[in-house]
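Working notes, structure below.
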Amino acid sequence: MPPKVKFQKKEIIEAAVAITRKQGIGAVTAREVGAVLGVSSRPLFTYFKSVDALKKAVWLYAKELYETYVKDGLKAEIPFLGVGQNYIRFAKEEPELYKYLFLNPPEDVKGGAMEALRLSQDLVRPSLMRIYHMDGATADKYFRDLWLVAYSITTLIVTGECPYTDTEISALFTEFSVSVCKAYKEIPGLPEGDFDKNAVFQKLVKEDITP
């Protein structure tokens, strides 16, 4: 009679997640998982055909965890801002899972940062249209622009290169948010990419902005 498996699939995934959080996804091996569980590597292969299959399960865990951050952000008074704040919070609290999810995902998965952009965009579009009085296309481009800023900051955070405090990050987002919103509202054709950029720039550099 074969020996009874001591650990369940969920426990093996949790062990792999714990290793990822401390050392990164590259440290996840059958031996390391077995060491965390206090057994040989054999139980792992009861549920997973390979270590790569286990790493894919870690990626799915990270994705589901990130979605809880997004849902929490949507509960904020301004859902758009709440999602952005929680995106940065996810990077700060789960840097290794963030890197695996958005910067270095498994080769065979469909997703990554741009998939997260589309998911979040769909969720916040209604609130952007309502609060900022934008049509759907403009709201999507506005969110895209701010998402690119957020992605840059979170990448700096998880790579240990971010020189900004929370207060500075908040101020930076406010500056970009106001600037992009004002531009989309005041420059006809900008959201559609159909505007005279030379005329716009000439007007800006000629204006006296001294208080």
Taking protein heavy atoms only, a 1.4 Å probe, and rounding to whole percent, the accessible area of segment 31-102 owed to carbon and sulfur comes out at 51
Leu172 and Lys10 label points (each 7 Å along its Cα→Cβ direction) are spaced in nm at 3.9
The chain - charge dipole about Cα centre, Lys and Arg +1 at Cβ, Asp and Glu -1, debye rounded to 20: 1080
Could you give the dipole magnitude of segment 50-175 about its Cα centre, charging the beta-carbon of Lys and Arg +1 and that of Asp and Glu -1, in debye to the nearest 20? 280
The chain: longest segment with zero exposed chymotrypsin sites (Phe, Trp or Tyr not before Pro), where exposed means DSSP loop plus at most 14 other C-beta atoms within 10 Å, is residues 1-163
Using a Gaussian network for the chain with springs between C-alpha atoms less than 10 Å apart, which of these wobbles most: Gly84, Gly24, Gly189? Gly189
How big is segment 9-121 by Rg and Dmax over its Cα atoms, in Å? 15.2, 50
Mind pulling up the Rg/Rh value for the chain? Radius of gyration and Kirkwood radius, both on Cα. 1.12
Full extension from Ala76 to Leu60: what is 0.36 nm times the residue separation minus their Cα-Cα distance, to one decimal in nm? 3.2 nm
Per the charge dipole of the chain (beta-carbon charges, Lys/Arg positive, Asp/Glu negative, Cα centre), the residue among Tyr142, Ile12, Gly160 reaching farthest to the positive end is Ile12
Ratio of Rg to Rh over segment 140-194 (Cα coordinates, Kirkwood Rh, two decimals): 1.07
Out of Glu115, Glu14, Glu192, a Gaussian network model of the chain with alpha-carbon springs under 10 Å gives the largest mean-square fluctuation to Glu192
Is there a quick way to get the dipole size of segment 111-198? I mean about its Cα centre, with the Cβ of Lys and Arg at +1 and of Asp and Glu at -1; what is the value in debye to the nearest 20? 200
Once you've got the Cα coordinates, tell me which of Lys22/Lys92; Lys63/Lys110; Lys71/Lys141; Lys10/Lys49 are over 18 Å apart. Lys71/Lys141
The answer for the chain, accessible area per residue at 1.4 Å probe in Å², is 61
Select from the chain the helices, each a whole stretch of DSSP H, whose alpha-carbon atoms run 18 Å or more along the helix axis and whose Kyte-Doolittle mean is at least -0.5; answer none if there are none. 9-23, 51-73, 79-93, 113-132, 136-158, 166-186
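The values are calculated or read from the model by the stated rules, or taken from the named source; none is laboratory data. In this text the structure is predicted, and so the values were computed from the model without any measurement. Because the Cβ atoms are built from the backbone with ideal geometry, glycine has one as well, and the counts that use them run over all protein chains shown. Accessible surface areas use protein heavy atoms only, side chains included; no ligands, DNA or RNA. Shrake-Rupley method; radii C 1.70, N 1.55, O 1.52, S 1.80 Å.
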